[in-house]
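S.K.: Quick one: structure below, then a few questions.
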Amino acid sequence: MLTVGIDIGGTKIAGGVVDASGGLIDPLRVPTPRDPREIEDAVVAMITDLSQRHPSVGAVGIAAAGFIDRDRSVVTYAANIAWRDEPLRARIEPRVGLPVVIENDANAAGWAEYRFGAGSGTRNMIMLTIGTGIGGAVITEGALYRGGHGSAGELGHMRFQRDGLQCGCGQHGCIEQYASGRALQRIAGELADAGGIGSALAAARESEGTLDGRTISGLVSAGDSGAIEALRRISSALGEACGTFQAAFDPELFVIGGGVSQLGEILLAPMREAYATAVPAHGNRPGADFAIARLVNDAGVIGVGDLAREGRH
Ligand SMILES: [Zn+2]
């Protein structure tokens, strides 16, 4: 059986047909409309198009950034879209005539890496997606851990610092304020302000008017010490947090995804070091490995397509 996977992001809606081996057929992309009703229409149009071209499609998975209820049908809260207790499954199912499940986007990406990517072969895995914020997914004993209300795995909102920086979730000191793409930009800006090793960052900000993730990554790849220091700081913070996640979940593997993950070992090395300082009884217990995600751009679509197939073989 084939399925359709749809990943609703802040700027684009990605979709495609997913086969039983995690293969992606006919990938599609459209810009995300602003109005929630237009988003729904765009999703329905994409599903209709794909299922007409592939009549053996038997189920649909839709991933969105937000809290999803335990029945995988209602978006309780979405960060970037004005959805509050939105019954997305009930709205879309009758329009497409196929069973629909809704999933958190980071959970979908983590599931794809577990099934077909960097995590294949493990049974217990944690995925952290470094984007504007930090998405988390927890796989325990070969299953996606959803928790009592469907909202488990929000690892980016673990409190990292008491009385720390304000977070978009309404709390303070969440790890995503110290280790996300947005944190990387903030720290790079602070280093640029300070001069010294931040002088190349300051020059790039001057010429481009801003310091975005791509510019910072470019400077890291070019060996600039200021950009490397900014990256080291977010990587260390995330590594420390992984020590705490190890204590709680004991995964075999941490998979790191998101655009910045493509920097590879220069991101992972400080993470491993900081992790070692934060794992209880480090050196006297088995630890976890770290790996870079493999399905970067398609993980959400593949993962949610595969989750739609779960139980429908
Ligand atoms: Zn938070």
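The values are calculated or read from the model by the stated rules, or taken from the named source; none is laboratory data. Please read all numbers here as calculations on a predicted model, not as lab measurements. Positions of Cβ are generated from backbone atoms using ideal geometry, with glycine treated the same way; all protein chains shown enter the neighbour counts. These accessible areas exclude ligands, DNA and RNA; they are computed on the full protein's heavy atoms, side chains included. Shrake-Rupley method; radii C 1.70, N 1.55, O 1.52, S 1.80 Å.
S.K.: What number of residues within the stretch 119-161 are among the small types (G, A, S), over 16 Å from S180 (Cβ atoms) and more than 16 Å from the ligand (Cβ to nearest atom)?
M.R.: Qualifying residue count, the stretch 119-161: 8.
S.K.: Got a number for residues in the stretch 143-166 being part of a loop (DSSP other than H, G, I, E, B) and either open to solvent by 20 Å² or more (accessible area, probe 1.4 Å) or in the same structural domain as D85 (by TED's automatic domain parsing) (or both)?
M.R.: Count: 13.
This table checks each residue for (1) closer than 17 Å to V138 by Cβ; (2) assigned to a loop (DSSP other than H, G, I, E, B); (3) assigned by TED's automatic domain parsing to the domain that holds T129.
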position	(1), (2), (3)
I228	no, no, yes
L238	yes, no, yes
C242	yes, no, yes
Q262	no, no, yes
E273	no, no, yes
P280	no, yes, yes
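S.K.: Filter the stretch 44-75 for residues that are under 23 Å from the mean Cα position of the chain (by Cα), buried (at least 16 other Cβ atoms within 10 Å of the Cβ) and not aliphatic (A, V, I, L, M); which is nearest to V100 (Cα to Cα)?
M.R.: So the residue we want is G61.
S.K.: Would you check which residues across the stretch 10-43 are aliphatic (A, V, I, L, M), touching a residue at least 24 places away in the same chain (Cβ under 8 Å) and surrounded by fewer than 16 Cβ atoms within 10 Å (Cβ to Cβ) and list them?
M.R.: Filtering the stretch 10-43 down to residues aliphatic (A, V, I, L, M) leaves 13-14, 17-18, 20, 24-25, 28, 30, 39, 42-43.
Subsequent filtering for residues that are touching a residue at least 24 places away in the same chain (Cβ under 8 Å) retains 13-14, 17-18, 20, 24-25, 39, 42-43.
Listed by number, the residues that qualify are A20, I25.
S.K.: Take the residues in the stretch 183-193 that are over 21 Å from G239 (Cβ atoms) and open to solvent by less than 30 Å² (accessible area, probe 1.4 Å); name whichever of them is farthest from the ligand (Cβ to nearest atom). Walk me through it before giving the result.
M.R.: Residues of the stretch 183-193 that are over 21 Å from G239 (Cβ atoms), as a first pass: 189, 192-193.
Filter again for open to solvent by less than 30 Å² (accessible area, probe 1.4 Å), leaving 189, 192.
Values: G189: 21, A192: 26 Å.
Ranking the candidates gives A192 first.
Residue-by-condition table, conditions (1) within 16 Å of the ligand (Cβ to nearest atom); (2) more than 22 Å from M271 (Cα to Cα):
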residue	(1), (2)
G170	yes, yes
G181	yes, no
G195	no, yes
T210	no, yes
G218	no, no
A222	no, no
A227	no, no
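S.K.: Here is a list of conditions, (1) surrounded by fewer than 18 Cβ atoms within 10 Å (Cβ to Cβ); (2) in contact (Cβ under 8 Å) with a residue 12 or more places away in the chain; (3) in a loop (DSSP other than H, G, I, E, B), and T210 meets all of them except one; can you say which number that is?
M.R.: Among (1) surrounded by fewer than 18 Cβ atoms within 10 Å (Cβ to Cβ); (2) in contact (Cβ under 8 Å) with a residue 12 or more places away in the chain; (3) in a loop (DSSP other than H, G, I, E, B), T210 violates only (2).
S.K.: Out of A288, A241, A230, I need the residue that is touching a strand residue (DSSP E or B) at 6+ places or on another chain (Cβ under 6 Å), in contact (Cβ under 8 Å) with a residue 40 or more places away in the chain and over 30 Å from S56 (Cβ atoms). Which one?
M.R.: Working: A241 fails: touching a strand residue (DSSP E or B) at 6+ places or on another chain (Cβ under 6 Å); A230 fails: touching a strand residue (DSSP E or B) at 6+ places or on another chain (Cβ under 6 Å).
Only one candidate qualifies: A288.
S.K.: What residue, among those in the stretch 121-142 that are among the polar types (S, T, N, Q) and farther than 14 Å from P251 by Cβ, is most open to solvent (accessible area, probe 1.4 Å)?
M.R.: Going residue by residue through the stretch 121-142, those that are among the polar types (S, T, N, Q) are 122, 124, 129, 132, 140.
When the remaining residues are screened for being farther than 14 Å from P251 by Cβ, the result is 129, 132.
Working: T129: 39, T132: 89 Å².
In this case the residue turns out to be T132.
S.K.: Would it be correct to say that A79 is among the hydrophobic types (A, V, I, L, M, F, W, C), out of contact with any Ser or Thr (no Cβ under 7 Å at 6 or more places or on another chain) and surrounded by fewer than 21 Cβ atoms within 10 Å (Cβ to Cβ)?
M.R.: Working: among the hydrophobic types (A, V, I, L, M, F, W, C): yes; out of contact with any Ser or Thr (no Cβ under 7 Å at 6 or more places or on another chain): yes; surrounded by fewer than 21 Cβ atoms within 10 Å (Cβ to Cβ): yes.
So A79 passes the test.
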